[in-house]
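Report on the structure given below.
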Amino acid sequence: MKKTQITEFKQKIKQMDQIITSNIDEFKKIITDIKTKHDVNVISYFTYSLDISHNKEQENLLIGTYHIRNLGNKPVKNPYICIKLPQNSPFTFSGKIINNKNKILMSAPGAWERIDDEASSQEFWLKPVNIQLLPPSETITFQNFQLKWIALDSYSGNIMGFTYCDEFKEGKPAFNQISISGNINS
């Protein structure tokens, strides 16, 4: 390589370094602006695993967790959730849920209390036991809930989640849904 080529190459590297540094500074500014503009910001999402039987009349299982994360810089007050199952679905929902029948679990770590009509098998309104505040950068979870079903016929449905709190009385939908479907051949 000639000396002029090396000099030009060094200048281009220096220009690229300046551009990268400028971009990093811009990203930092954007992130800072987002944090300061969003005193209260919550996201929620599902994680889950499936054990699907491909045989008619055998039990299928989904084990899931619903996460609520405070991305804002102020605490979130009185968080609660709604998990909705599709109408006429074969899914049976269970979890570490306290209701009028099992108040003894009130001290169980990670327990959630059902706050709606217990007769409903499609909507589950739940609030965490002994948690009224979700601090900034913290997460609370409704862990290891279960959906079970036996596939006598083809099925499909979306499990949806919504997060509510004093700051978001209208609720915020979960970032994702759980979509389950299966075809049973006769």
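Below are the figures for this structure:
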read-out: ILE13 accessible area, 1.4 Å probe, all protein chains in place, Å² to nearest 10; value: 80
read-out: Carbon + sulfur, % of accessible area of the chain - ligands and nucleic acids excluded, 1.4 Å; value: 51
read-out: Distant-in-sequence amide H partners of GLY72 (H built 1.01 Å from N, under 5 Å); value: ASN41, SER137
read-out: Beta bridges per DSSP with both ends in the chain, % antiparallel, nearest 5; value: 95
read-out: Candidates SER22, SER44, SER94, ranked by Gaussian network fluctuation over the chain, Cα under 10 Å, top entry; value: SER22
read-out: Exposed trypsin sites (Lys or Arg not before Pro) absent - longest run of the chain, DSSP non-H/G/I/E/B, at most 12 other C-beta within 10 Å; value: 102-186
read-out: Length-normalised contact order of the chain in % [C-alpha pairs under 8 Å, at least 6 apart]; value: 27
read-out: Of LYS74/LYS96; LYS29/LYS127; LYS28/LYS84; LYS74/LYS148; LYS14/LYS74; LYS28/LYS127, pairs whose Cα-Cα distance is over 30 Å; value: LYS29/LYS127; LYS28/LYS84; LYS74/LYS148; LYS14/LYS74; LYS28/LYS127
read-out: Using a Förster distance of 25 Å, the FRET efficiency for LEU152-ILE115 (Cβ separation, nearest 0.05); value: 0.15
read-out: Among GLN15, GLN143, GLN132, residue whose mean-square fluctuation peaks in a GNM of the chain (springs only between Cα atoms under 10 Å); value: GLN15
read-out: Computed FRET value (nearest 0.05) for ILE20 with LEU61, which takes r as the C-beta separation and R₀ as 41 Å; value: 0.25
read-out: Highest-MSF residue in the chain out of PHE124, PHE175, PHE93 [GNM, Cα springs under 10 Å]; value: PHE175
read-out: Residue-level accessible surface for GLU118, protein heavy atoms, 1.4 Å, Å²; value: 60
read-out: ASP166 - accessible surface, heavy atoms, 1.4 Å probe, Å² rounded to 10; value: 70
read-out: Solvent exposure, largest accessible area first (probe 1.4 Å, DNA, RNA and ligands not counted), of ILE115, ILE98; value: ILE115, ILE98
read-out: Cα-based equivalent ellipsoid, the chain: semi-axes from gyration tensor eigenvalues, Å; value: 46, 26, 13
read-out: Mean Cα-pair separation over length for segment 35-97, i.e. relative contact order, pairs under 8 Å, 6 or more apart, %; value: 35
read-out: Charge-dipole axis of the chain as Lys and Arg at +1 and Asp and Glu at -1 on Cβ define it, positive-most pick from ILE19, ALA151, GLN177; value: ILE19
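The values are calculated or read from the model by the stated rules, or taken from the named source; none is laboratory data. Since the structure is predicted, the reported quantities are computational estimates derived from the model, not experimental observations. Counting neighbours? That spans all protein chains shown, and the Cβs are built from the backbone with ideal geometry, glycine included. SASA here: full protein model, heavy atoms, side chains in, ligands and nucleic acids out. Shrake-Rupley method; radii C 1.70, N 1.55, O 1.52, S 1.80 Å.
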